Amino acid sequence: MGIDFIYPEFEVKRDRERCIACRVCERQCANCVHSYDEESGLMLSDESQCVDCHRCVSLCPTRALKIVKSDCALRENANWTTDAINEIYKQASSGGVLLSSMGNPKPMPVYWDRILINASQVTNPSIDPLREPMETRVFLGKKPDRIKREGDELCCELTPQLELSMPVMFSAMSYGSISYNAHKSLAIAASKLGILYNTGEGGLHEDFYAYGANTIVQVASGRFGVHEKYLEAGAAVEIKMGQGAKPGIGGHLPGTKIGSDISRTRMIPEGSDAISPAPHHDIYSIEDLRQLVYSIKETTGYRKPVIVKVAAVHNIAAIASGIARSGADIIAIDGFRGGTGAAPTRIRDNVGIPIELALASVDTRLREEGIRNNVSLVVGGSIHSSADVIKAIALGADACYIATAALLALGCHLCRTCQTGNCNWGIATQRPELVKRLNPDIGSERLINLMTAWNHEIKELMGGMGINSIEALRGNRLMLRGVGLNGKELEILGISHAGE
Amino acid sequence: MFTINASDLDFRSLNERIRESGEPVTVSGCLGHRFIAAGLNDRSIELVGTPGNALGAYLNGANIIVRGNAQDATGDTMNSGRIVVHGSIGDAAGYAMRGGELYVRGNAGYRVGIHMKEYGQTRPVIVIGGRCGSFLGEYQAGGIIVVLGLNVTGDIVGNYPCTGMHGGKIFLRSDCKNIQFPGNVTVTKASGADFEEIERYVKEFCSLFGEDMDTVMSSPFTKIVPDSKNPYKQMYVAN
């Protein structure tokens, strides 16, 4: 109170005429916003605890509730915004580093929305995906430099490839940052869809080894849960060098979230902080990275592709060029709008670059150097829709990683308070009574619905361009035009302006 | 006993031969071959010469003896098993090691036992006979590191040991009066119960390398343990 007081950001509006005091809101809110007053028989609210997650709104049987942004405002100031002022207050009272969740909420340019897709008219007729076969299957991995023959026989031996039914995968989210049921939903959906999900750096729960053929297992600087059987369990191994939401720093799962199950999966003691250091302590160069890549290949008998995941940063093209020579089979690039369970606010909002620019410059660089076929490119960091997927592929990606979109499908309402561990939707929490709110059968079905819908849209967009195979779209930047972009942006994206 | 001459083999072929052999192996002519025995879960392997980086990475039960020096990242993310090095060892030995034992007769480079952890019944152990470089036990989250400083003149460990340490224990056979430790650890003179804890590892070291147990244990040991297993708890404010 007093000098530290920050007026609650949201107000709980309860329609007294509609409210039947059934107390559903009270039972559903893990933040303890709602309470029942026996004396008056009325429901009360403590809006200071409200995170605007819409759990109560969604479950109120009489639609008596709505959450609105408070109009109690500091004096308007275009320079010192309310957020900027409140952040100062929070730090002045605590001395702490500001910690936020999910992707960068700042109004930074979204280049996807400044790029338009082509369609066929008159010549090169469009294709109707309802009547004609369309291929959205992709294979990720190193492609050979040339056709080889032994005698008259074509040499068909390839380095290991990942086969995806469509060019989208669920990107890394650790067990710990998200719940058992969230992981289970992703695993079931990935298997049924013929795509892959990613364990993140928190190890692989024993129950999910069964989904190994559709799992990417991650190796990060903390090496949580990494052991021989884990590496063998997945279809591919991803080395995490960086994450779009927090390039250049590590991760930190507080000890309070390391319960017995997470302890077993991460293979660390209960209650001990899980600290992922910022760097891998054995990697100081591309040559060192090559060593980690090959230690994994040796351990897995060269049967699994190795992915190297990096955050999109200023020199991403040069970095990717190095990774493409490190023996990695796939490069995953995570843009600065990518989500996170927790990241320092300043890092999340100020470090890294947009994925669209990173992707275009990496693809261009690798092609200029004649090493594009050394690796496949997977991009993530706020892919909102199937149209973004199409644009990414036309800019040069082989596939996209989605995570925030997948969580939204599971019920996430993007209240951006994952770090509290009180997720009312059972996703970013380890509290058993909250975790069970997410039913993996329903969750996986919703993920399958989302991906099926996207795949239909991808086919329609491809058909409209007269393209019947996703392979023919990759790097086909002639299918894209920019609107409202300056010359430099168009140059980096390698596309013409609309009308050109 | 199966013998492989590594001098004409690259690391990949050497590893294939070791994996295929299916029995105890002696490798002669080791010269910088990387990833030897990576992920191996059984077998005894004796290496003559100098194996390269990432020896026994992800090791899961195999037993490795090195008659010579080893290089960087030995026992990286090792889960169980044992590595015995009859010489000195490079940087980042036992990085994120979760179980098993690593015995080194000579000296070790930088970052020994970095991010070493323990879990359930598995508790990794590193015993270094000589001295360690800087950053010993950085981010250490579990396990035991013993540094004996035998035949060492000067300090037993380099700069910045135990930074970010939040689990496990380190024992240095020295009074450590010149060593500067960070504020997040407690440094005490090892006493009765501590000696009981490390005795079997020191004994094993002595029997492996022919040192005299009584002589080794007659010098004072310093024990270092972290103050908290949640060292960064206070640093954040929700935004």
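A few notes on this one:
- Search result, residues across region B:109-122 that are more than 10 Å from chain A (Cβ to nearest Cβ), open to solvent by 10 Å² or more (accessible area, probe 1.4 Å) and either basic (Lys, Arg) or within 11 Å of the chain's Cα centre (by Cα) (or both): B:GLY109
- Some residue of region A:415-425 being charged (D, E, K, R), open to solvent by 10 Å² or more (accessible area, probe 1.4 Å) and not assigned by TED's automatic domain parsing to the domain that holds A:CYS29: yes
- Taken over region B:147-163, residues that are touching a residue at least 60 places away in the same chain (Cβ under 8 Å) and open to solvent by less than 10 Å² (accessible area, probe 1.4 Å) amount to 3.
- Per the listing B:ASN230, B:ASN239, B:ASN178, the residue uniquely more than 22 Å from the chain's Cα centre (by Cα) and within 24 Å of B:ALA96 (Cβ to Cβ) is B:ASN230.
- Residues satisfying the criterion are absent from region A:24-46 (criterion: of a type in the set (Gly, Ala, Ser), at positive phi and open to solvent by 60 Å² or more (accessible area, probe 1.4 Å)).
- Any hit, region A:228-236, residues being more than 14 Å from every other protein chain (Cβ to nearest Cβ) and under 29 Å from B:PHE35 (Cβ atoms): yes
- Strands (runs of 3 or more DSSP E) lying entirely in region A:265-337 (those with 2 or more residues that are within 14 Å of chain B (Cβ to nearest Cβ), closer than 20 Å to A:ILE249 by Cβ and in contact (Cβ under 8 Å) with a residue 40 or more places away in the chain): A:274-276
- The one condition in (1) within 13 Å of chain A (Cβ to nearest Cβ); (2) in a loop (DSSP other than H, G, I, E, B) that B:GLY61 fails to fulfil: (2)
- Flag not set for A:ILE85, criterion: open to solvent by less than 70 Å² (accessible area, probe 1.4 Å), more than 14 Å from chain B (Cβ to nearest Cβ) and over 23 Å from A:CYS29 (Cβ atoms).
- Considering region A:146-175, the residues that are surrounded by fewer than 24 Cβ atoms within 10 Å (Cβ to Cβ) and in a strand (DSSP E or B) include one that is nearest to the chain's Cα centre (by Cα), namely A:LEU164.
- Condition check for A:HIS252: open to solvent by 10 Å² or more (accessible area, probe 1.4 Å), of a type outside the set (Val, Ile, Thr), farther than 25 Å from B:ARG34 by Cβ and within 8 Å of another protein chain (Cβ to nearest Cβ): yes
- Condition check for A:ALA311: more than 24 Å from A:SER174 (Cβ to Cβ) and either in contact with a helix residue (DSSP H, G or I) (Cβ under 9 Å, 6 or more places away or on another chain) or surrounded by 21 or more Cβ atoms within 10 Å (Cβ to Cβ) (or both): no
- Within this structure, A:ASP71 passes the test of being loosely packed, with under 14 Cβ neighbours inside 10 Å and away from chain B (no Cβ under 14 Å).
- Residue satisfying all of: in region B:76-102; farther than 18 Å from B:ASN60 by Cβ and not polar (S, T, N, Q); nearest to the other protein chains (Cβ to nearest Cβ) among these: B:ALA92
- The one condition in (1) open to solvent by less than 10 Å² (accessible area, probe 1.4 Å); (2) more than 7 Å from every other protein chain (Cβ to nearest Cβ); (3) not in a loop (DSSP other than H, G, I, E, B) that A:ALA245 fails to fulfil: (3)
The values are calculated or read from the model by the stated rules, or taken from the named source; none is laboratory data. Remember, predicted model here, so these are calculated numbers, not experimental data. Quick reminder, even Gly has a Cβ in these numbers, built from the backbone with ideal geometry, and neighbours come from all protein chains shown. Note: accessible area is taken over every heavy atom of the protein model, side chains too, but ligands, DNA and RNA are not part of it. Shrake-Rupley method; radii C 1.70, N 1.55, O 1.52, S 1.80 Å.
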